[in-house]
Each structure stands twice: as structure tokens, then as C-alpha cells.
1. Once you place label points 7 Å from the Cα toward the Cβ at LEU165 and LYS6, how far apart are they in nm?
2. Quick one: Karplus J couplings for region 172-187, per residue in order, coefficients 6.51, -1.76, 1.60, θ = phi - 60°, nearest Hz, x for Gly and Pro?
3. What translational D, rounded to a whole number of µm²/s, comes out for the chain from Stokes-Einstein when the hydrodynamic radius is the Kirkwood one over Cα pairs, at 4 °C and 1.567 mPa s?
4. Under 17 Å Cα-Cα from LYS27, which aspartates and glutamates qualify once same-chain neighbours fewer than 8 residues away are excluded?
5. Read phi for every residue in region 66-76 and hand back ³J(HN,Hα) as whole Hz from Karplus 6.51 cos²θ - 1.76 cosθ + 1.60, θ = phi - 60°, with x for Gly and Pro.
6. For region 77-216, give the magnitude of the charge dipole about the Cα centre (Cβ charges: +1 Lys/Arg, -1 Asp/Glu; no others), in debye to the nearest 20.
7. Work out the charge dipole of region 101-216 with +1 on the Cβ of Lys and Arg and -1 on the Cβ of Asp and Glu about the Cα centre, then indicate which of GLY105, PRO137, ASN192 is farthest towards its positive end.
8. Of the trypsin sites (Lys or Arg not before Pro) in region 1-53, which ones lie in a loop per DSSP and count no more than 15 other C-beta atoms within 10 Å?
Amino acid sequence: MEIFLKEKEKLNYFTLNNASTNIYLAKESHLCVYSFTFGEESVKNNLNVILEEEQAKAELYGLYLVSDGQIAENNTFLRHLAPFCQSFQQYYGILAGKGRAVFNGRIRIERKAKGTDAYLENKNILLSNDAEVLGRPFLEIFDDDVKCTHAFSASLLEEDEIFYLRSRGIDKETAKKILLTSFAKKIINKVNKPSLKENLCAKISQFLSEKLEGKN
């Protein structure tokens with residue numbers, strides 16, 4: 001699919017599981033993409049965003065929940081062609097069992113794209129030692145007058161945080177659900193549709209109940 005935003009146009013674009021999209025941004029246009037991956041055996045999302053004219057802005061948010069036999073792959077490519085554009089990427093994942101995830105985040109800032117402000121963040125929480133995640137942020141910068149930051153992390157739940165909640169009389173499973181739900185809501189709270197937000201929270205609750213049951 002190809003999408004073209006006109007000057008000063010704004011688009012909220014939602015995807016669920018497999019998607020492959022090219023999006024082109026004109027002057028002062030504003031794009032928000034929300035990508036969610038739940039329950040499919042193999043998911044591959046390809047998103048290419050081309051900021052063609054100055055002062056365009058792109059925001060990309062993603063959340064994936066994977067478990068045994070499931071693979072979630074997210075590939076993003078943001079190409080800054082014009083000056084004074086902004087891009088912001090936040091992709092979060094929760095992996096249970098032998099779930100696998102791959103995140104390839106590529107940012108290319110061309111010459112003459114001065115004043116670019118680009119940020120990429122990929123965080124993952126592993127619920128088992130068998131879960132695997134591969135994060136590959138890739139930056140190509142051909143102009144000196146830019147700001148570009150990236151971050152990647154993959155870790156288990158913090159035992160200190162679990163202990164703190166348990167010290168307040170909360171059982172271990174509930175403590176983990178609180179922490180994981182809070183983590184996921186950092187993405188879900190970006191959604192401005194109440195009905196969709198409610199549906200996403202329900203899916204997270206179901207996923208966590210199934211994966212944490214009996215693992216205290």
C-alpha cells in the first residue's frame with residue numbers, strides 16, 4: 001500500500017499484524033502510525049516513511065505480544081529528505097515462552113536535511129529465558145546539523161519492583177501483571193480512540209493472565 005499526505009495534512013494510521021506500507025509526507029504534514037501484533041504465528045510488518053518536504057513529522061508506535069511458536073518482525077525505514085523534519089519511533093514488546101521478535105529500525109538522513117530531529121526506541125521484556133529478541137537500530141547520517149538518538153533494551157522484570165509491590169500486600173502474579181500492563185500502556189496511551197484502547201487493554205490482560213498463570 002502507498003499513502004501520500006498533502007501539505008499540512010494529518011493522518012492516524014492503525015495496523016494489526018501483517019502490513020506493508022510506504023507513506024510519503026509533504027510540507028508540514030503529520031503522520032501517526034500505531035502497529036499492534038497479537039497472537040499470529042508469524043508476523044512481518046514493513047513500514048517505509050519518506051519525509052519529502054520540510055517540517056514534516058512522523059510518529060511511529062508499536063506493541064507486540066508473542067509466545068511459543070510465534071515470531072514478530074517489525075521493519076521500519078524513515079528517510080529524511082528535507083530540512084527541519086521530525087521522526088519519533090517507540091516499539092515495545094513482551095515475549096513469553098519461546099516467543100521471538102525482531103526489530104530493524106533504519107533512519108537515513110540525507111544531505112541538506114539540516115535541522116532533523118530523529119528518535120528511535122525499542123524496549124522488550126522477556127518473561128522466560130527461552131524468549132529471544134533481536135534489535136538492530138541502523139543510522140545513516142549525511143548532514144552535520146542534526147539530532148539523532150536511538151535506544152534498545154531487552155530484560156527480565158525487575159525483581160526490586162516486584163518486591164516493592166509484594167511488600168504492599170500484592171501477590172506475585174498480580175505484581176507482575178501491574179508492571180507489564182504499565183509497560184504496555186506506554187504505547188496504548190498514545191491511542192486517542194477510547195473503544196480501541198479498551199480493546200487493546202483487554203487483549204493484554206488476557207495474554208498476561210495466560211502466560212503468568214502458575215508461574216509464581
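Just so you know, all these numbers are worked out from the coordinates, no wet-lab data involved. No experiment lies behind these values; they were computed from the predicted model shown. Positions of Cβ are generated from backbone atoms using ideal geometry, with glycine treated the same way; all protein chains shown enter the neighbour counts.
1. Between LEU165 and LYS6, the simple spin-label model gives 4.8 nm.
2. 5, 4, 5, 4, 5, 4, 4, 5, 6, 5, 4, 4, 5, 5, 5, 8
3. Details: Rh = 18.1 Å.
Rounded, D is 72 µm²/s.
4. GLU7, GLU9, GLU52, GLU53, GLU54, GLU59, GLU110, ASP117
5. 9, 9, 3, x, 10, 10, 10, 10, 10, 10, 10
6. 420
7. Towards the positive end, the residue furthest out is ASN192.
8. Details: sites: LYS6, LYS8, LYS10, LYS27, LYS44; in loops: LYS6, LYS8, LYS27.
Hits after loop and neighbour filter: LYS6, LYS8.
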